[in-house]
Amino acid sequence: MALGILLERRGGQQLETCLLHRLTGHPCPTCGSTRVVLGLGQGDWRAAFWFNPLVTLGLLGGGLVFGLRLVTGRALRVGLSSREQKVALGIGLTALAANWLWVLRTQA
């Protein structure tokens, strides 16, 4: 949160941290992540989701898993069969591709 406040005060909304975007002019699948963190830090969940839905969901989900681990003292373990791993990989790659299309449309 402190980093988000510092970045905002230093012009975080215009801060460009993506090497791919800097070199090619095209955003990468995680472009907008800095703005997602700023949005979440300011409580603007809608703006965070607009900048990069997958990163927003990942940060919120990761925070939830981390919080549960702190409270319960137990790690979340998910046992998947080989087939389930392939399905999960397919879903993840599809979500990544859909997210990248969103980012290309909204941030190009």
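The values are calculated or read from the model by the stated rules, or taken from the named source; none is laboratory data. Just so it is clear, the structure is predicted and the values come from calculations on it, not from any experiment. FYI the Cβ positions are ideal-geometry reconstructions off the backbone, even for glycines, and counts take in every protein chain you see.
Details
- Some residue of segment 94-107 being surrounded by 10 or more Cβ atoms within 10 Å (Cβ to Cβ), in contact (Cβ under 8 Å) with a residue 24 or more places away in the chain and of a type in the set (F, W, Y): yes
- For segment 16-30, the candidate set comprises residues that are surrounded by 11 or more Cβ atoms within 10 Å (Cβ to Cβ) and among the hydrophobic types (A, V, I, L, M, F, W, C); within that set, the residue that is nearest to L104 (Cα to Cα) is C28.
- Test: residue in segment 31-38 that is exposed (fewer than 12 other Cβ atoms within 10 Å of the Cβ) and at pLDDT below 95: no
- Filter result for L89 (out of contact with any His (no Cβ under 7 Å at 6 or more places or on another chain), over 20 Å from C18 (Cβ atoms) and modelled with pLDDT of 95 or more): yes
- Hey, A75 over 27 Å from T24 (Cα atoms), hydrophobic (A, V, I, L, M, F, W, C), free of Cβ contacts under 8 Å to residues at least 60 places away in the same chain and exposed (fewer than 11 other Cβ atoms within 10 Å of the Cβ) or not: yes
- Filtered residues of segment 1-29 (kept if at pLDDT 65 or above and out of contact with any helix residue (DSSP H, G or I) (no Cβ under 6 Å at 6 or more places or on another chain)): C18, L19, L20, H21, R22, L23, T24, G25, H26
- Complete set of residues in segment 31-66 that are within 17 Å of T106 (Cβ to Cβ) and aromatic (F, W, Y): W45, F49, W50, F51
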